[in-house]
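Structure, as structure tokens:
The values are calculated or read from the model by the stated rules, or taken from the named source; none is laboratory data. On a predicted model such as this, the values are computed, not experimentally measured, just so you know. Quick reminder, even Gly has a Cβ in these numbers, built from the backbone with ideal geometry, and neighbours come from all protein chains shown. Areas reflect the complete protein model, heavy atoms only, side chains present, ligands, DNA and RNA absent. Shrake-Rupley method; radii C 1.70, N 1.55, O 1.52, S 1.80 Å.
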Amino acid sequence: MQSSNLALVLAGPILRHISPQRVVIWLACSEAVELSLVFESPEQRLQFDSGSLSKQCQSIVAGEHLYYYLIDIQLETPLPSDTWISYDLQLTPRGQGQSLGWQHWAPDLTYPSRDLPGFIITSKVKRMLHGSCRKPHHPSDDGLAAADAWLANVELEQWPSLLMMSGDQIYADDVATPMLVAIHRLIERLGLANESFAASQLDSSEALHQQGYYLSRQTLLPKKGAEQAAKKALFSGVRKPIFTSDHANNHLISLAEMLAMYLLVWSPSGWQDLAMSPPEELALDELDEYLQQREILERFIQGLAKVQRLMAHLPCAMMFDDHDVTDDWNLSAAWELAAYGHPFSKRIIGNAMAGYFLCQGWGNAPDNFPAELLEGLQQSLAEPGGEAHQQLIEQLLSHSQWHYCWDTQPALLVLDTRTHRWRSERNLDAPSGLMDWEALCELQQQMIGLDSAILVSPAPMFGVKLIEVIQRIFTWLGKPLLVDAENWMAHPGAANSLLNMFRHGKTPQHFVILSGDVHYSFVYQIQLRRRQQGPEIWQITSSGIKNQFPDSLLHHLDKLNRWLYSPKSPLNWFTKRRGMRVIPHRPENAASGERLLNAAGIGLLELNADGSPHAVWQLTSQGELVAFAMDEQHARWE
């Protein structure tokens, strides 16, 4: 396999956890390289040659032409705060003497008037970007590309402290056929190892990638007994009467497919000379859809250089939600029994988690992942499907440190609402709580003594009442999967523990909860009864980066929600949020009474010195900055 048609840098550099004492940078290359790095600010210059940097860099060899690097520098001399710090990352391919800077491997990486990429370490979080749900083949434009265009035109004093990506950074379960074709062609060029399969119609990933199984992957799981339940859990593709349809018939399966997907959504490099000609086996109606999706993806690809530039300049915090792995991931105990009860469906979930670990989780908090986990990943990539791969999946499924905290001011606490579920003991089909009692107690302990906190919950803690009620009705009917019945109030134990945590006298005075997931945006202010002088709670939801709720359906749900749950409505007494005053804040220029904003893009939050919100905007994918009114709007006791 020749690498001449591959760019040296396949994705990155992506800034991850950045503080005065520590810098973490993620990078994917097509060749083994030696790295050197220089930081320069008005006050100082820090240089790390290849020898010293090799001691502070971990690497994973994923294939013949795929190498991952995590630069993790512990600094003896702290970097300065609130000033521009440029960085010069030089790459030297092994066996070559010439080091190559960004001009050679990412020519569009810098902003105008800057000779080098860089970042700012803020002493306090005054502004931040946040969002979720980035589906490449959704017809909306890319909110990350819009964020880059906005960042290029603001003064350094206005730069956000970080970019929080709160879930569904990829859609492993909803892949356009042209994207899946591109994934298979990139896998071949990267020279990724063949993965053996057990308990499957296919012996290996080589057969999967060659045959493609485009629009028919639901046929690959067995169809009897518990195996049929596993097929239904992963590939049902059911039409949902309240929300949109899921399309799982192109679900990613192999570990190689997961890794290639990340490369293709974060950088233009993997797309170079990568044709998306349609497979011959498509029917006429499938071909029409293919051509429409390819046109959307071509627009998506045009913005990827901007996405690469944005992520090279802002510290990027990430957390999984279900589509990073599979739709309705761990929704109920029954779902878990079905999905993990068959070796092949368990492998699919495990491969998605391995992809998340390598491409997202690793850079969030490197200390959360012991050396044996990285060793297991390296062995799995060398021989996918072997014993080490099976052991790695067991380790990932039992790993308890996906959540993390960044020591910013206010502290950023990012919650794992997928693997610490509070399972129902009475009804296996009932939705699980998003966090169990032990995880909520640990969270409370982390927050005791803090004046303010930024909580990141992929699903809103306080959502739209009508939609939560619809989810509850379908749960009573035994059909929680039909409406994604995943909200904090769906499980009594989790709901009560959450509300008690906010009422605790030693938890923060100011809570800002950042969420995504729902494909629309809104701002709620929540006040508690029976606790004097606080706390002040804000639920700020921005979704999706490249996704939207069906517009007419959301309009009707928003209108019904206002009618049925007006401030004086007696229906407010039949909820788990009694004793809370909820104050919706309407989007700028919204119709009378409208509270939900349906616009792909990314959220922009500005904080006061005490950690409370000063201003909230949605930067739409069209470049429009839509403000949410910060005055009280029709508060209601719930």
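The table for this structure:
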item	result
Selection from V265, F235, L15 lying farthest towards where the dipole of the chain points positive, charges on Cβ	F235
Over 32 Å (Cα to Cα) - which of K55/K135; K124/K546; K126/K346 fall in this group	K55/K135; K126/K346
Where GluC sites (Glu not before Pro) fall in DSSP loop in the stretch 155-235, at most 14 other Cβ within 10 Å	E155
Sites A207 and S52 - FRET efficiency at Förster radius 41 Å, r taken between beta-carbons, to 0.05	0.35
FRET efficiency for A371 and S81, using Cβ-Cβ distance with R0 set to 35 Å, rounded to 0.05	0.65
The chain: relative contact order in percent, alpha carbon pairs under 8 Å with at least 6 residues between	16 percent
Under 16 Å from the Cα of K559 - aspartates and glutamates, other chains or at least 8 residues apart	E468, D551, E594
Average accessible area per residue (Å²) across the chain - probe 1.4 Å, nucleic acids and ligands excluded	37 Å²
Reach of K306 by Cα under 20 Å, taken over aspartates and glutamates that are not fewer than 8 positions away in the same chain	D88, D108, D115, D141, D142, D148, E155, D168, D273, E295, E298, E624
Cα shape, the stretch 27-165, gyration tensor, a/c 1.5 rule	oblate
Expected-Rg normalisation [2.2 N^0.38 Å, Cα atoms] applied to the chain	0.92
Percent carbon-and-sulfur accessible area, the chain, ignoring ligands, DNA and RNA, probe 1.4 Å	48 percent
Dipole in debye (nearest 20) - the chain, about Cα centre, beta carbon charges: Lys, Arg +1; Asp, Glu -1	2400 debye
Which of T77, L27, F39, positive extreme of dipole for the stretch 1-118 (C-beta unit charges)	L27
Debye log10 I(q)/I(0) for the stretch 314-389, one point scatterer per Cα, at q = 0.19, 0.24 Å⁻¹	-0.92, -1.18
Theoretical gain in end-to-end length, L397 to A283 [0.36 nm per residue, Cα-Cα removed]	37.2 nm
Global geometry of the stretch 335-477, whether rounded, prolate or oblate, following the gyration tensor of its Cα atoms and the 1.5 cut on a/c	oblate
Surface/4 estimate of mean projected area, convex hull on alpha-carbon atoms of the stretch 140-235, nm²	9.5 nm²
At most 11 other Cβ within 10 Å, DSSP loop - GluC sites (Glu not before Pro), the stretch 273-380	E280
Net lengthening on full extension, L528/A149 (0.36 nm per residue, minus Cα-Cα)	132.5 nm
